[in-house]
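In what follows, a single structure is set out as structure tokens and then discussed.
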Amino acid sequence: MVTLRQVSKTYRRGTGTIHALRDVSIEIERGGFSVFVGPSGCGKSTLLNLIGGLDLPTSGDILLDGISTRGFSSGDWTDCRRHKIGIVFQAFHLIPGLTAEENVALPLLLRGTRGADVDARVADVLETVGMTGRRRHRPAELSGGEQQRVAIARALVHRPGLILADEPTGNLDSLQGTAIIGLLRMLPERFGSTVILVTHSQEAARQADVVWMMRDGRVVGKTPAVVTV
Ligand code: ADP
């Protein structure tokens, strides 16, 4: 589903070079709940951003469903995110002036879907995340956990096969965090989606199908299977 082939990413900072990712080659299978863990600064967010095309590798290739993204233009990546990828961030990134259901409808409107189909899909995903009763609320009227539920609904509304979540529980208390992990956890079984999560949460790692361990820009281990690099 997601393949990284010798992917490296460097950033320039002043006169120095930061090696955020060093020669990462991994294969993430379709339909599972994969969790990346490792110390702060080891490259987890960079990895997720590259898989979602929010940033580009310095070298190497990322394949989605076996298709190389090496030649992708920024328009190709935008198109890919509008149809195949849903992204959830730590900071929710909801639009304050819009209601929950208006926020969730946005990805569909951006790709040109209109009419009753939008309403039906929005209602459906808000139901999935348990936010039907609060669909007319604006983000400021919702708790952090509720805002993240809306953000997850927005990431699901275009029925992506791949869901990327970067520290989605980082701004939540442990009870709300556990509920959000539970919600993400059920997506592979319920919808066949592949979920890739970057987190510090032990709870999330315990529930993973595969835990990938990172250190200093490298993937250094994988459980329950064998070390891959
Ligand atoms: P993690 O998510 O594991 O905390 P990151 O992927 O955010 O790690 O960062 C990996 C390394 O790359 C860090 O040293 C970080 O400071 C650096 N880095 C990340 N993004 C940028 C950027 N846009 N510009 C410069 N350095 C960056």
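Values for this structure:
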{"read-out": "Qualifying residues in the range 1-38 (those that are out of contact with any strand residue (DSSP E or B) (no Cβ under 7 Å at 6 or more places or on another chain) and either in a strand (DSSP E or B) or under 23 Å from GLY182 (Cα atoms) (or both)) - the one farthest from the ligand (Cβ to nearest atom)", "value": "GLU29"}
{"read-out": "Any chance THR199 is open to solvent by less than 10 Å² (accessible area, probe 1.4 Å) and polar (S, T, N, Q)", "value": "yes"}
{"read-out": "Number of positions in the range 40-69 that are within 16 Å of the ligand (Cβ to nearest atom) and part of a loop (DSSP other than H, G, I, E, B)", "value": "11"}
{"read-out": "Extreme residue, most open to solvent (accessible area, probe 1.4 Å), among residues of the range 1-57 that are farther than 22 Å from GLY71 by Cβ and of a type in the set (Val, Ile, Thr)", "value": "THR15"}
{"read-out": "The range 70-128, residues that are in a loop (DSSP other than H, G, I, E, B), hydroxyl-bearing (Ser, Thr, Tyr) and surrounded by 12 or more Cβ atoms within 10 Å (Cβ to Cβ)", "value": "THR99, THR113"}
{"read-out": "Only one of THR128, THR132, THR78, THR69 that is over 23 Å from LEU197 (Cα atoms) and β-branched (Val, Ile, Thr)", "value": "THR132"}
{"read-out": "Residue in the range 102-115 that is within 12 Å of the ligand (Cβ to nearest atom) and over 26 Å from PRO188 (Cα atoms) present", "value": "no"}
{"read-out": "Residues that are away from the ligand (no atom under 14 Å from the Cβ), within 17 Å of SER143 (Cα to Cα) and either of a type in the set (Ser, Thr, Tyr) or under 15 Å from the mean Cα position of the chain (by Cα) (or both), drawn from the range 153-206", "value": "ALA153, ARG154, THR169, SER174, THR178, ILE180, ILE181, LEU183"}
{"read-out": "Strands (runs of 3 or more DSSP E) contained entirely in the range 146-229, each with at least 2 residues that are closer than 27 Å to THR132 by Cβ, in contact with a Phe, Trp or Tyr (Cβ under 8 Å, 6 or more places away or on another chain) and aliphatic (A, V, I, L, M)", "value": "194-198"}
{"read-out": "Residues of the range 129-160 that turn out to be open to solvent by 20 Å² or more (accessible area, probe 1.4 Å) and in contact (Cβ under 8 Å) with a residue 60 or more places away in the chain, as a count", "value": "1"}
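The values are calculated or read from the model by the stated rules, or taken from the named source; none is laboratory data. Since we're looking at a predicted model, the values are computed, not measured. Here the Cβ is made from the backbone with ideal geometry for all residues, glycine too, and neighbour counts use every protein chain on show. These accessible areas exclude ligands, DNA and RNA; they are computed on the full protein's heavy atoms, side chains included. Shrake-Rupley method; radii C 1.70, N 1.55, O 1.52, S 1.80 Å.
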